[in-house]
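Contents: one structure, followed by commentary.
The values are calculated or read from the model by the stated rules, or taken from the named source; none is laboratory data. None of the values given here were measured: they were computed from a predicted structure. All Cβ positions, even for glycine, are placed from backbone atoms using ideal geometry, and neighbour counts span all protein chains on display. Side chains are part of the model used for accessible areas, which takes the heavy atoms of the whole protein and leaves out ligands, DNA and RNA. Shrake-Rupley method; radii C 1.70, N 1.55, O 1.52, S 1.80 Å.
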Amino acid sequence: MRKKIIAGNWKMNTDKTSAVALFNDITENYDTYGLHEKKQVVLAPPFPFLNIALDKSADYPYLYVAAQNCSEHDKGAYTGEVSAHMLASVCVKYVLVGHSERRQYFNEGDLLLLEKIKQAQRNEIIPIFCCGEPLEIRMANEHFKFIKAQLDNCIFQLNEEGIKNLVIAYEPIWAIGTGQTASPEQAQEVHAFIREELARHYSKEVADSISILYGGSVNWKNAMDLFGCADIDGGLVGGASLKADEFAEIICSIK
Ligand code: PGA
């Protein structure tokens with residue numbers, strides 16, 4: 001059985017007070033989430049609040065903390081950067097890599113993302129690798145080709161050990177923060193495609209073991225239908241992860 005994951009990407013939101021409150025509100029209902037080794041919650045707060053989340057998450061098994069980014073470098077004179085080693089040293093378990101906002105606003109490309117993934121894995125942090133097409137590519141019906149290139153040029157450069165130690169998130173850019181969710185059929189079709197590509201490059205066994213999350217305007221209304229699809233193993237949730245009640249409902253939507 002593949003791991004199911006509900007990840008909350010807080011992006012550049014909250015401050016210390018609201019981050020603590022959000023964390024407390026999310027954990028208040030912990031007992032209703034039914035988490036276990038194969039059903040996990042991952043919270044990705046901004047860097048300054050990682051330690052708060054880490055301290056608090058210690059009381060909640062299967063609730064893990066992710067960083068929203070890490071450096072492609074090991075260490076040294078890179079002012080403003082945070083290394084995977086630093087994150088590992090405070091027990092961060094996951095890191096987002098290749099989010100469309102990083103690709104778009106910070107010019108992060110395939111090779112750089114591959115270096116970040118390798119840094120994370122060297123430090124035993126699991127990368128959550130994001131991919132997905134912009135609207136014009138979807139309109140031109142070229143999304144499969146686009147996503148294949150994102151996979152080929154980045155994570156398919158990893159060996160079998162590497163590919164087995166990551167999570168993939170399919171996030172169509174036109175669905176992120178827009179309220180325009182991909183339909184379960186649209187999402188499932190791409191997830192199945194990604195899994196077929198994994199099987200072709202590695203093996204069916206490897207493909208079947210990798211969790212593929214959907215992201216893009218997931219909310220309490222659409223979560224159950226999305227998570228009911230055969231190849232959708234959970235969600236990467238932005239806006240709705242900032243509302244504890246709604247996030248709780250999304251967590252409970254996955255069986
Ligand atoms: P959204 O963001 O749920 O607000 O669309 C998802 C994401 O960017 O990961």
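For this structure, a couple of remarks:
- Within segment 99-116, the set of residues being touching a residue at least 12 places away in the same chain (Cβ under 8 Å) and either in contact with an Asp or Glu (Cβ under 7 Å, 6 or more places away or on another chain) or away from the ligand (no atom under 16 Å from the Cβ) (or both) comprises Ser100, Arg102, Asp110, Leu111, Leu112, Leu114, Glu115, Lys116.
- Selection within segment 228-239 - open to solvent by 10 Å² or more (accessible area, probe 1.4 Å) and within 14 Å of the ligand (Cβ to nearest atom): Gly238, Gly239
- Among the conditions (1) at negative phi; (2) open to solvent by less than 10 Å² (accessible area, probe 1.4 Å), the only one that Asp152 does not satisfy is (2).
- In segment 1-23, the residues that are without any contact (Cβ under 8 Å) to a residue 12 or more places away in the chain and open to solvent by 70 Å² or more (accessible area, probe 1.4 Å): Asp15, Thr17
- Residue ranges of helices (runs of 4 or more DSSP H) in segment 172-255 with at least 3 members closer than 21 Å to Ile137 by Cβ: 184-201
- Scanning segment 168-198 for residues that are surrounded by 15 or more Cβ atoms within 10 Å (Cβ to Cβ) and away from the ligand (no atom under 16 Å from the Cβ) gives Gln188, Glu189, Ala192, Phe193, Ile194, Arg195, Glu197, Leu198.
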